[in-house]
Each structure stands twice: as C-alpha cells, then as structure tokens.
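The values are calculated or read from the model by the stated rules, or taken from the named source; none is laboratory data. Everything numeric in this text was worked out from a predicted model, so none of it was measured. The accessibility values were calculated without ligands, DNA or RNA, using every heavy atom of the protein model including side chains. Shrake-Rupley method; radii C 1.70, N 1.55, O 1.52, S 1.80 Å.
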Amino acid sequence: NLGDCRLCHAVHASAEPSLLVRPATALCTDCHSDALPAAGTPAALQPHPMIPEGQCGRCHEPHSSANPRMLRQPAGRLCQGCHEGKTRSFHEAKGFSIYVCAKCHDLHRPTQPHLIMDASRSLCTACHQMSADAVFTHSFVAEGKCFLCHSFHEASLSGDVASLCLGCHRDNPRLPEA
C-alpha cells in the first residue's frame, strides 16, 4: 500500500497539515499501534514526548529513507540535533562514536525512567567488561547500580573520587578525622 498516497493524504483539501487525512499520530499508529503507551503507563515510562504529540516525522521520513527504520539521519546525529550537550561525552573522548544513543535509550517503549532500556549492570557490561579475577566487588557494581557513581553522559564519574566515596563512607572508622 506504500504507493497509494490516498492512505495518508487527501487529494484536494484537509484540515490537517500536508493534506493528511487524519492527525499524524493516528496515521502512524494505524500500523505502529505499539508506538503509543498502554493506558495507565506511569509518567516515568512514557515514550519520547514527540511520539504522543504526533511528531513522528521529526525523526522518521514517512516516504523513504536510506537510514534504518526510515530515520531522517543516522540515529545519534538525529538525537544530537536536539540534545547536543548530552551526546558529547566521555565516550567520545575515548574514541567511541557519539552516535550510540540507541544502545542505552529506547524512545518508543522504555522500561526505565529517562527512556533507559535497561538500568541493570548489563547495560554497562555490554561494552564494559568487569575484571574476572577480582576478589572483591563494590556492592553497587554487584547490584548493577553503576549510575550511582557514574553519570550517563558527561564524564566517567559524576564527581571527584574522594567526594563520591565519602558521600557514602563518611562514617568509616578507618578514615582519618577531618
């Protein structure tokens, strides 16, 4: 049916932009019904705001694209258009592409707040290997709570090491008095 323009566009006139026969969200969800969250989905697990607002076309080209998933640009470059400060990161400084947003974020069906697809350690260990010969493991690492010390985007640690450690270990009797 992709060749039949009338599935989405009115021939002569429409109350919708681009002569659409219905609002854009309704047209997209005719085929992509899983793009909208189920009724009662908590606010923290809602998809990217552009999806329920019917702005699918800001990321997706509705007619054709050379990019996967009919994206207007390669995925990370597309994200960088609105989130420039978030895509320049520690990872880029280490030589990794800044265009890896989709490795951590699921814009359509997040299972964690901040559009994160998996807040467990496995999100990190998909790229970061833990030492197999370690005798002791920090409890946050064992519990998969990497983000309590490491920031998502900005740098390797979310503060200086001493402040980070002392934030939890200030009452350690083995530490010298301040």
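Remarks
- Nearest-10 value in Å² for the accessible area of GLU16, using the 1.4 Å probe: 60
- For HIS60, the residues whose modelled amide H falls within less than 5 Å of its own, excluding neighbours fewer than 5 places apart on the same chain, are ARG72.
- Under the Karplus curve 6.51 cos²θ - 1.76 cosθ + 1.60, θ = phi - 60°, whole-Hz ³J(HN,Hα) for the stretch 55-67, x wherever Gly or Pro sits: 9, 3, x, 6, 10, 9, 8, x, 9, 5, 7, 7, 8
- Reducing the stretch 31-47 and the stretch 7-28 to their Cα centroids gives an inter-centroid distance of 23 Å.
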